[in-house]
């Protein structure tokens with residue numbers, strides 16, 4: 001029986017999803033028994049002009065510049081099925097936090113106004129031009145399935161691909177992370193409005209009970225607005241959820257979902273005064289949210305960038 005052909009491509013991000021595939025260790029053989037990998041952007045001597053036609057394309061990373069858009073469209077044209085791999089490609093991820101700023105501000109910070117730059121210029125003759133806003137893959141091309149997580153679990157990748165190549169649709173969790181978290185909710189129960197806290201502490205500032213809900217201990221946790229599927233791996237390590245699996249499809253506005261979930265137990269003043277609240281609530285899904293980011297006009301030109309920007 002002929003195996004389905006596949007390719008894997010990485011855009012803006014850390015290539016952590018690629019690394020997760022290697023975390024299958026000896027079971028990576030099971031993966032390559034499922035698919036025939038024809039092309040990979042992180043493999044030696046592979047060129048973007050040689051993207052082959054395949055049955056399945058795995059796409060990692062946020063779409064950040066014009067080259068990303070061009071390559072992604074070619075991948076979509078050449079693939080029968082396109083699967084996003086990780087939260088960056090599925091929802092925009094950490095690179096999507098740049099959407100709080102204009103491209104002028106981003107380029108100035110990177111190339112012109114920082115202590116490590118002397119006589120800086122924006123090198124648009126040497127690098128691809130930024131698009132106005134960082135985007136998840138589904139805002140550029142059609143996506144057939146999302147494997148979320150930052151990064152996804154190795155078994156999650158293997159099991160989802162196994163079902164997809166067999167023509168099945170993998171089950172997607174619909175509940176939030178709190179449903180699979182091991183921590184006890186002693187006071188925050190549905191309908192219980194007696195519990196109320198005026199504090200939001202960091203993990204390092206608290207002597208935490210490893211078996212009690214973080215929110216009950218005054219530590220901000222994004223579990224109520226994050227889709228289940230990771231097994232609560234961070235909470236098992238005594239760290240609160242930061243939302244890396246993204247929101248459910250029914251509640252795409254992850255930041256507002258967090259604020260809504262905490263409204264009965266945390267005064268709004270405590271939330272507003274928290275350092276970098278927007279970056280905390282929208283760390284992994286800003287480009288997929290309704291607000292998307294900064295409402296200021298986006299531009300791809302820097303007035304200080306010189307002739308390379310013309």
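The values are calculated or read from the model by the stated rules, or taken from the named source; none is laboratory data. The structure presented is a predicted model; accordingly, all values stated were derived computationally and were not measured. Virtual Cβ from ideal backbone geometry, glycine too; neighbours counted across all protein chains shown.
Part of a loop (DSSP other than H, G, I, E, B) and in contact with a strand residue (DSSP E or B) (Cβ under 7 Å, 6 or more places away or on another chain), is that true of residue 169? Spell out how you get there, then give the answer.
Working: part of a loop (DSSP other than H, G, I, E, B): yes; in contact with a strand residue (DSSP E or B) (Cβ under 7 Å, 6 or more places away or on another chain): no.
No; evaluated as a whole, the condition is false for this residue.
Cβ-Cβ under 8 Å, sequence separation 6+ or interchain: first residue in segment 33-47 and in the same structural domain as residue 76 (by TED's automatic domain parsing), partner modelled with pLDDT under 75. Which pairs?
39/46; 40/46
Among the numbered conditions (1) under 30 Å from residue 153 (Cα atoms); (2) over 22 Å from the mean Cα position of the chain (by Cα), tell me where residue 109 comes up short.
Result: residue 109 passes all but (1).
Which residue, of 75, 56, is buried (at least 20 other Cβ atoms within 10 Å of the Cβ) and not in a helix (DSSP H, G or I)? Before the answer, list the steps.
Working: 75 fails: not in a helix (DSSP H, G or I).
Just a single option satisfies the conditions, and that option is 56.
When only residues in segment 219-250 that are outside any loop (DSSP other than H, G, I, E, B) and in contact with a strand residue (DSSP E or B) (Cβ under 7 Å, 6 or more places away or on another chain) count, which is nearest to residue 138 (Cα to Cα)? Before the answer, list the steps.
Of the residues in segment 219-250, the ones outside any loop (DSSP other than H, G, I, E, B) are 219, 223-225, 227, 233-236.
This time we only want the ones that are in contact with a strand residue (DSSP E or B) (Cβ under 7 Å, 6 or more places away or on another chain), so: 219, 223-225, 227.
On the way: 219: 33, 223: 24, 224: 24, 225: 21, 227: 18 Å.
Checked segment 219-250; the qualifying residue nearest to residue 138 (Cα to Cα) is 227.
Does at least one position in segment 253-265 carry a residue that is assigned by TED's automatic domain parsing to the domain that holds residue 283, assigned to a loop (DSSP other than H, G, I, E, B), in contact with a helix residue (DSSP H, G or I) (Cβ under 9 Å, 6 or more places away or on another chain) and modelled with pLDDT of 75 or more?
There is at least one residue in segment 253-265 that is assigned by TED's automatic domain parsing to the domain that holds residue 283, assigned to a loop (DSSP other than H, G, I, E, B), in contact with a helix residue (DSSP H, G or I) (Cβ under 9 Å, 6 or more places away or on another chain) and modelled with pLDDT of 75 or more.
Do we find that residue 90 is in contact (Cβ under 8 Å) with a residue 40 or more places away in the chain and either in a loop (DSSP other than H, G, I, E, B) or touching a strand residue (DSSP E or B) at 6+ places or on another chain (Cβ under 7 Å) (or both) in this structure?
Details: in contact (Cβ under 8 Å) with a residue 40 or more places away in the chain: yes; either in a loop (DSSP other than H, G, I, E, B) or touching a strand residue (DSSP E or B) at 6+ places or on another chain (Cβ under 7 Å) (or both): yes.
So residue 90 fits the description; yes.
Could you say whether any residue in segment 13-26 is surrounded by 23 or more Cβ atoms within 10 Å (Cβ to Cβ), within 20 Å of residue 142 (Cα to Cα) and under 19 Å from the mean Cα position of the chain (by Cα)?
no
Rundown of residues vs (1) within 20 Å of the chain's Cα centre (by Cα); (2) surrounded by fewer than 21 Cβ atoms within 10 Å (Cβ to Cβ); (3) closer than 22 Å to residue 70 by Cβ, yes/no style:
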position	(1), (2), (3)
124	no, yes, yes
136	yes, no, yes
148	yes, no, no
167	no, yes, no
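Looking at segment 133-148 only, could you name the residues that are in a loop (DSSP other than H, G, I, E, B) and either in the same structural domain as residue 242 (by TED's automatic domain parsing) or touching a helix residue (DSSP H, G or I) at 6+ places or on another chain (Cβ under 6 Å) (or both)? Lay out the reasoning, then the answer.
Our first condition is that a residue be in a loop (DSSP other than H, G, I, E, B); within segment 133-148, this holds for 136, 140-144, 148.
136, 140, 141, 143, 148 - these are the residues of segment 133-148 that are in a loop (DSSP other than H, G, I, E, B) and either in the same structural domain as residue 242 (by TED's automatic domain parsing) or touching a helix residue (DSSP H, G or I) at 6+ places or on another chain (Cβ under 6 Å) (or both).
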